[in-house]
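So the structure is just underneath, and the comments pick up after that.
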Amino acid sequence: MDQVVIANRLSDGVVVFLAAAPGSARGEWKDRLEEATIAPDDARAQEILALGLASAHQRHEVVDPYLIEVERTASGLRPTRYRELIRCLGPTVRPDLGKQAESREV
């Protein structure tokens, strides 16, 4: 199963995703799931997670980076677990708020 690193940005609490080029010693935090680096196997997932943890520790930009499973759908990447789907899109009781307000397709 494909995986990406998710965290919360410290400056505003927004959910962000790690984008890291292969062999890079540093990643960049992105607002959109589609921009995240996708790890196709556990070894690559652990490499990307290590970059995310290092970023959280050294640069103090994010808190609590961890891996989530994602699947590729016709409309793009989608978290496989409901908890992460809510974290990625926004509150379930207010579809006019959060990232889900930008795009109704999930």
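The values are calculated or read from the model by the stated rules, or taken from the named source; none is laboratory data. Keep in mind the model is a prediction, meaning the values are calculated, not measured. SASA here: full protein model, heavy atoms, side chains in, ligands and nucleic acids out. Shrake-Rupley method; radii C 1.70, N 1.55, O 1.52, S 1.80 Å.
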### Query
Got a number for the accessible area of Asp31? Probe 1.4 Å, square angstrom, nearest 10.
60 Å²
### Query
How much accessible surface area, in Å² rounded to 10, belongs to the heavy atoms of Glu47 with a 1.4 Å probe?
100 Å²
### Message
Need one word for the chain: rounded, prolate or oblate. Basis is the Cα gyration tensor (sqrt eigenvalues a ≥ b ≥ c); a/c below 1.5 gives rounded, then a/b vs b/c decides.
### Response
oblate
### Task
Just reorder Ser75, Ser11 by solvent-accessible area, largest first, 1.4 Å probe, all chains present.
Ser11, Ser75
### Query
What is the gain in length, in nm to one decimal, between Asp41 and Asp64 on full extension, counting 0.36 nm per residue of separation less the C-alpha to C-alpha distance?
6.2 nm
### Message
Can you tell me the length gained on complete extension of the stretch Arg87 to Arg9, counting 0.36 nm per residue apart and subtracting the Cα distance?
### Response
26.8 nm
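With runs of 4+ DSSP H residues as the only contributors, calculate the mean residue ellipticity of the chain at 222 nm using -39,500 (n - 2.57) per run, divided by the residue total and rounded to the nearest 500.
For the chain, the value works out to -7500 deg cm²/dmol.
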### Query
Mind checking the angle between helix 42-58 and the chain's longest principal axis? C-alpha axes, 0 to 90 degrees, to the nearest 10.
90 degrees
